[in-house]
Amino acid sequence: MTNTTQLKVTGMTCNHCVMHTKKALESIEGVDSTEVNLEAGTAIVVGTAETSALIAAVKDAGFEAEVS
Ligand code: 9UX
């Protein structure tokens, strides 16, 4: 089932960070699209991937994430 998940992402300080987060999320199988916002510290992810996999990918990219 396709879900839209909103994550709170902390630690992003520039637009390059945003691209790291986007790439990390979009590299996960089942992720169709992402919208990452630097000012808001949010990532909206559309797809079928498990939330835990999304959070793990953001952490691997060097940031912190939680469901918001
Ligand atoms: Mo946003 Mo950078 O980093 O080294 S502050 S990518």
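The values are calculated or read from the model by the stated rules, or taken from the named source; none is laboratory data. Quick caveat, the model's predicted, so the values are computed rather than measured. Cβ coordinates were reconstructed from backbone atoms using ideal geometry, including for glycine residues, and neighbour counts include every protein chain displayed. With ligands, DNA and RNA removed, areas are computed over all heavy atoms of the protein, side chains included. Shrake-Rupley method; radii C 1.70, N 1.55, O 1.52, S 1.80 Å.
Some values worked out for this structure:
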{"read-out": "Potential extension, Met1-Asn15 segment - 0.36 nm per residue separation minus Cα distance", "value": "2.0 nm"}
{"read-out": "Using θ = phi - 60° and Karplus 6.51 cos²θ - 1.76 cosθ + 1.60, couplings along segment 42-49 (whole Hz; Gly, Pro as x)", "value": "10, 9, 9, 10, 10, x, 10, 6"}
{"read-out": "Extension reserve of the Lys8-Glu50 stretch, reckoned as 0.36 nm per residue once the Cα distance is removed", "value": "13.6 nm"}
{"read-out": "Whole-Hz ³J(HN,Hα) from phi, Karplus 6.51 cos²θ - 1.76 cosθ + 1.60, for segment 20-37, glycine and proline x", "value": "4, 5, 4, 4, 4, 5, 6, 7, 7, 4, x, 8, 8, 7, 9, 10, 10, 10"}
{"read-out": "Positive-end residue of Val67, Ala53, Cys14, charge dipole of segment 3-67 with Cβ unit charges", "value": "Cys14"}
{"read-out": "Ranking by accessible area, most exposed first, for Met12, Met19 with a 1.4 Å probe", "value": "Met19, Met12"}
{"read-out": "Normalised contact order of segment 3-67, rounded percent, pairs of Cα under 8 Å and 6 or more residues apart", "value": "45 percent"}
{"read-out": "Residues of type aspartates and glutamates that Lys59 reaches as a straight line, Cα spacing below 15 Å, ignoring anything fewer than 8 places off in the same chain", "value": "Glu26, Glu50"}
{"read-out": "More than 18 angstrom apart: percent of Cα pairs within the chain", "value": "21 percent"}
{"read-out": "With Cα atoms, 0 to 90° folded angle of helix 51-60 axis to the chain main axis", "value": "30 degrees"}
{"read-out": "Accessible-area value, Ser27, 1.4 Å probe, nucleic acids and ligands omitted, Å²", "value": "90 Å²"}
